[in-house]
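What follows is one structure encoded as structure tokens, with my remarks underneath.
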Amino acid sequence: MISDSAHLAQLPHRRDTPIGCIGSGFIMADCHLVAYKNAGFNPVCITSRTPANAQAVAERHNLQAYATYQEMLEKADIEVVDIAVPPDHQLNVIREITRYAGKIKGILAQKPLGINYQQALEIVSICQEAGIVLSVNQNMRYDHSVRACRAVIEEGLLGDPVFASIDMRAIPHWMPWQERQGWVTLRIMSIHHLDTFRYWLGDPVRVFCSTRPDPRTSFEHSDGICLYILEYENGARASSWDDVWTGPANEGAAGDIGINWRLEGTTGMARGTIGWPEYPARRPSTLDYTNTSTGKKWIQPRWDEVWFPDAFIGTMAQLLVALESGEPPEISAQDNLKTMALVDACYLSSEQHRTVEIAEITGS
């Protein structure tokens, strides 16, 4: 059996590291800052492109507001910068932060890291040159069922993984900046599932992806509903159905909304749910697992923590742990490049209606 704390992140010894925040939207105001307060972390200031929003969030969370992020970087006594800005703004913001290398030790950047793999590669390079530890807020890795499933795999309770699947039937709230990018699902929701498959199974060799527009989304896009299959060198397969249409529930029909996952191995099986679609209600994700030594019964650990906002403790904690230990963060930017490459491979596969080797994106 896995430990009672397998679903939780490792916390740093030092929790008073001063954190400066860039961005004051929902994900910062209602997830990052709420989680940091609950964990005893030390965000001290905030800024955003709309100073009035930054001021309102500052008052809510007892922070100091700055008119611009340049002013915050210059004046604030901070060691870590937490960035929650649209991906097409990340490169310029991070380039500016690297001017303060030495003062700034670490950056936590929202996913996706830039607009594509090539831009992510540039961001990683400039942080490496500056000596700043860069990590990516790939927060589904810290959903508690996803993390507990990783522990089940590592304990050998499933044997060799054979097949993993995620079935998402949900209606996300899309951000206004997505319209100028022309993205819907692959870089915003599917990136979580692709990263989770990497977290559980490692790196696939190739992917086949099929997409179609979501009828509910008014702006032009191709990647609404996304279906994809990952192939692994060892024979394992993974697949996800990322259905952001989910029927006309918003238009007056009954709804059937949820996210279910499953992982089958040679000696056991795990299954679970993701509680996020119930937000703002606190609905914890779940995990059940069984194997050939337990008999015909399911082991069902449960917990009170939920993905939004509690998983955001983990994404900041793993960066703070890395700064303490000198070891790479658990979600290092170098590792996240492989997730970004996988997303780009999905776009190419869908566009060209063929299987794409991940090496076509990375060049190696």
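The values are calculated or read from the model by the stated rules, or taken from the named source; none is laboratory data. These figures come from a predicted structure and were not determined experimentally. For neighbour counting, all protein chains shown are included, and Cβ atoms are generated from backbone atoms with ideal geometry for every residue, glycine included.
The figures follow:
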| item | result |
| --- | --- |
| Only one of Ala58, Ala84 that is farther than 29 Å from Gln128 by Cα and among the small types (Gly, Ala, Ser) | Ala58 |
| Every residue from region 5-36 that is assigned to a strand (DSSP E or B) and either at positive phi or under 22 Å from the mean Cα position of the chain (by Cα) (or both) | Ile19, Gly20, Cys21, Ile22 |
| Only listed residue being in contact with an Asp or Glu (Cβ under 9 Å, 6 or more places away or on another chain), in the same structural domain as Asp160 (by TED's automatic domain parsing) and buried (at least 21 other Cβ atoms within 10 Å of the Cβ), chosen from Tyr228, Tyr232 | Tyr228 |
| Among (1) surrounded by fewer than 14 Cβ atoms within 10 Å (Cβ to Cβ); (2) closer than 30 Å to Val80 by Cβ; (3) in contact (Cβ under 8 Å) with a residue 24 or more places away in the chain; (4) not charged (D, E, K, R) - the single one Thr266 does not satisfy | (2) |
| Per-region count, region 310-326, residues assigned to a helix (DSSP H, G or I) and farther than 15 Å from His7 by Cβ | 8 |
| Residues located in region 39-69, provided they are within 24 Å of Gln318 (Cβ to Cβ) and small (Gly, Ala, Ser) | Ala39, Gly40 |
| Where Val321 falls short, out of the listed (1) under 22 Å from Ile123 (Cα atoms); (2) assigned by TED's automatic domain parsing to the domain that holds Ile166; (3) surrounded by fewer than 20 Cβ atoms within 10 Å (Cβ to Cβ) | (2) |
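Residues are listed down the side, and each one gets a yes or a no for (1) part of a loop (DSSP other than H, G, I, E, B); (2) surrounded by fewer than 17 Cβ atoms within 10 Å (Cβ to Cβ):
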residue	(1), (2)
Val152	no, no
Leu158	yes, no
Ser165	no, no
His173	yes, yes
Arg187	no, no
Leu194	no, no
Asp203	yes, yes
Ser218	yes, yes
